[in-house]
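Taken together, the values in this text are just the output of simple stated rules run on the coordinates, not laboratory data. Given the structure is predicted, the values throughout are model-derived calculations rather than measurements. Cβ sites come from the backbone with ideal geometry, for glycine too, and all protein chains shown count toward neighbours.
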Amino acid sequence: MGKRRSIAVIVPAYNAEATIGPCLDAIRAALQPGDELIVYDDGATDKTNSMAKAAGARILRNEGSPKGPGYGRNAAANAAETELLLFVDADVVIAQDVLDLLAQEIAESGAIAAFGSYDDHPRSDRYTSLYANLRHHFVHQNGPSEATTFWSGIGMIDRKTFLAFGGYDTALFAHPSIEDVELGVRLKSKGFRIRLVHSALGTHCKDWSLWRVWHTDVVRRAYPWSELIADGRTAGLDLNVATGERITAFMAVASLACLVIAPFCGPALIGAAAFLVGYAVRNRQFFGFLARRLPLPGLVVAVAMHWCYHIYATATFVLVQVMTKLHLRAPSSYMAPTVA
């Protein structure tokens, strides 16, 4: 592959000594002359800073309390001197061809941004972690190339456009959340194209506990995404709320409802069984994928977690809708795009 546009690879990091070493090594192996590697040290108290220095990265340092990855990405984007930006999380090890693949996709498609995917070999073998990482991989690998959102785990974007849009909304998302999804919504609302490149892969190194999965799914994803929908900010996009997904979620919730009333109404067990079978059929491709990657105990854990995922995500969505209708929450003040 020939010379491409220059890229600043931006890695926001806070106490990331467990993963940032291989993350930065992989990035350095993919850089070409004219590229930059920028680490935003968000007030780390471990060896993150010294490891970034050893890797030859340009370091932007926050001396105060953590300001969040969105703030760090914005600061690094302003400091960069390249045409493109590639955001990589500090716990992701990218494949050597990722920069070239994403830059080529942007050049050939005319899109303003492109992102990749986790591979199917996460570093952690904990069953809860395998489920979280493999679910993410499966969703991206089965998503359309013409994406309806953006992802900053391995996400590339034109620098001038990113800055013109004000970057990530750090007032709304002070903590890791769906700031990348919200940015994608703003980009799509103005007619910009975003591409999903299935072959641009990275290994995820995060070790997910059960609590961490549930907390992230509800507090960092489902709740703010439901707020976006309730506040009319999704511009007609159907991410996670397409008809098929709603049917799947209904079957999960209905099966739980039947199980709850079964002690008082015996026939409800038949309904629970029917809904659970329907739920399994709706998820047969994902469950088949999990069965090829996990031992039986891990498969059981993953299937149960996925069932719970549809229940608590649905409950969160309904809660936000009800709170909005009853005026129990104020509409979110999302950053308006500055590009005409």
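Considering only beta bridges that DSSP places wholly inside the chain, some 40 percent are antiparallel.
Residue-wise HN-Hα couplings along the range 272-277, as the Karplus relation 6.51 cos²θ - 1.76 cosθ + 1.60 with θ = phi - 60° gives them from phi, are 4, 4, 5, 5, 5, 5 Hz; Gly and Pro carry x. Are there chymotrypsin sites (Phe, Trp or Tyr not before Pro) in the range 193-274 that DSSP marks as loop and that have at most 15 other Cβ atoms within 10 Å, and which are they? Counting only loop positions with at most 15 other Cβ atoms within 10 Å, the chymotrypsin sites (Phe, Trp or Tyr not before Pro) in the range 193-274 are 264. Helix 243-261 against the longest principal axis of the chain: what's the angle in degrees, Cα atoms only, rounded to the nearest 10? Taking Cα atoms only, the helix is inclined about 50 degrees.
The residue list 9, 109, 181 was ranked by how far each Cα lies along the charge dipole of the chain toward its positive end, using unit charges on Cβ atoms, and 181 comes out on top.
Under a model in which nothing but the beta-carbon of Lys, Arg (+1) and Asp, Glu (-1) is charged, the chain shows a dipole of about 540 debye around its Cα centre. Inverting the pair-averaged 1/r between distinct Cα atoms of the range 7-210 gives 16.8 Å as its Kirkwood hydrodynamic radius.
Each residue of the range 93-103 is assigned a 3J(HN,Hα), and the resulting list reads 10, 7, 6, 5, 9, 4, 4, 5, 5, 5, 5 Hz, derived from the Karplus form 6.51 cos²θ - 1.76 cosθ + 1.60 (θ = phi - 60°), x at Gly and Pro.
Tilt of helix 69-79 relative to the longest C-alpha principal axis of the chain, in degrees (0 to 90, nearest 10)? Helix 69-79 sits at roughly 20 degrees to that axis.
Each 5 Å bin from 0 upward holds the following percent of the Cα-Cα pairs of the range 85-167: 3, 14, 22, 25, 18, 11, 5, 2, 0. Rounded to the nearest 5, what % of DSSP beta bridges with both residues in the range 7-210 are antiparallel? Percentage antiparallel, nearest 5: 40.
Taking the longest Cα principal axis of the chain as reference, the axis of helix 284-293 is set at about 60 degrees.
Full extension of the segment from residue 121 to residue 330, taken as 0.36 nm per residue of separation minus the current Cα-Cα distance, would add 71.1 nm.
The fewest-to-most ranking of 294, 86 by surrounding Cβ atoms within 10 Å reads 294, 86. All distinct Cα pairs of the chain go into the 1/r average, and the inverse of that average, the Kirkwood radius, is 21.1 Å.
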